[in-house]
Amino acid sequence: MIQITLPDGSLREYDQPLTVHEIAASIGLGLANAAVAGRVNGVLVDCEFLVAANARVSIVTPQEPDGLEILRRSCTLMLAMAVKQLHPHAQMRVGSALGDGFFCEFAVERALAATDLPLIEARMQSLAATNHSIRRKATSSSESLSLYRLGETEYWTTGPHVPTTRVLQAFALDHVSGTLQQRVYGTCWSSHQELQYWRLPAHVMVVSMDDRQAHYAHTVTETLRRGGVRALSDLRNEKVRYKIRQHRQTVPYLVVVGEKEKAGGFVSVRSNSGEDFGRMKVEAVCEWLSSTGMAGG
């Protein structure tokens, strides 16, 4: 007999090993349909993970941060599949969740352009509707990456991933950078309503200097949001001056994050007109914006 302890402290008993998805289904069909992963004794695992001994188990859905990150991580595989179908010579180098979205880096023979993005996005929508399975394959490798199969292609990637592409519905591609080594960027949310909200004009754009500050910049963005500020982040691997010039046209305030800001736990603030407000703690930025009437809206 296997005893499974759920997050509310309740205990369920099963007479044989079963997967995380089967545990979710035994609790309720709605939960099983929403499940994107599981947490077994505190460790994130795929829905197909077999629980063979007594354990604490929770079902991960897109309504929690870990679940949303898994959606975005899985979008990288679907993006790679779409690009490969449309551009057979493109080779995926790396893919990852990033801030509010995800990116994939490709080696290409013909550089992709912004005009290619709608076609790639449409192909991704078709793949999501076809409902392809994403499965982890057992390997003897001791590396931190795992081997996952989507369609006819296998990818070495960090898991877990969603069980099927049907849960990847609310996404969009928004940028491509580079030449022969290119990155395609997109965003992904748990619902179309959240995606549309993300598209609303922001009060603040958090801009990272380079990839090293991506996690801190996203943390800053989340802190601003909790403070009532409509904040977005630009974590693309682009020159910071390029990003600032681009966002000055539409965003009242820019929050710049570099290595010094990351190390000191603060940010540099400037207006879209170029006025420099110096360095501040993130909480101070929230209070300051509240006094201008921008926070809490």
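We did not get these values from a lab; they are worked out from the coordinates using the rules stated. Remember, predicted model here, so these are calculated numbers, not experimental data. Positions of Cβ are generated from backbone atoms using ideal geometry, with glycine treated the same way; all protein chains shown enter the neighbour counts.
Here are a few things to note about the model shown:
- Within a Gaussian network of the chain (alpha carbon springs, distance under 10 Å), most fluctuating of Gly264, Gly228, Gly101: Gly264
- Positive end of the dipole of the chain (Cβ unit charges, origin at the Cα centre): among Ser146, Leu112, Gly186, the Cα lying farthest that way belongs to Leu112.
- Folded to 0 to 90 degrees: helix 117-130 orientation relative to the chain principal axis, Cα: 20
- Reachable lysines from Lys281, criterion Cα separation under 21 angstrom, eight or more residues apart if same chain: Lys260, Lys262
- Evaluated with a Cβ-only charge set (Lys, Arg +1; Asp, Glu -1), segment 1-111 carries a dipole of roughly 320 debye about its Cα centre, given to the nearest 20.
- Total charge dipole magnitude, segment 159-280, about the Cα centre, Cβ charges on Lys, Arg, Asp, Glu only, Debye to nearest 20: 100
- The alpha carbon convex hull volume per residue for segment 66-192 rounds to 103 Å³.
- GNM on the chain, alpha-carbon springs under 10 angstrom: the most fluctuating residue among Gln16, Gln213, Gln196 is Gln16.
- Under a model in which nothing but the beta-carbon of Lys, Arg (+1) and Asp, Glu (-1) is charged, the chain shows a dipole of about 640 debye around its Cα centre.
- Approximate shape of the chain as ellipsoid semi-axes (Cα gyration tensor, √5λ), whole Å, largest first: 36, 26, 16
- Each stretch of four or more DSSP H residues adds -39500 (n - 2.57); spread over every residue of the chain, this sum gives -9500 deg cm²/dmol at 222 nm.
- Neighbour-count ranking [beta-carbon atoms within 10 angstrom, fewest first] of Ile2, Ile70: Ile2, Ile70
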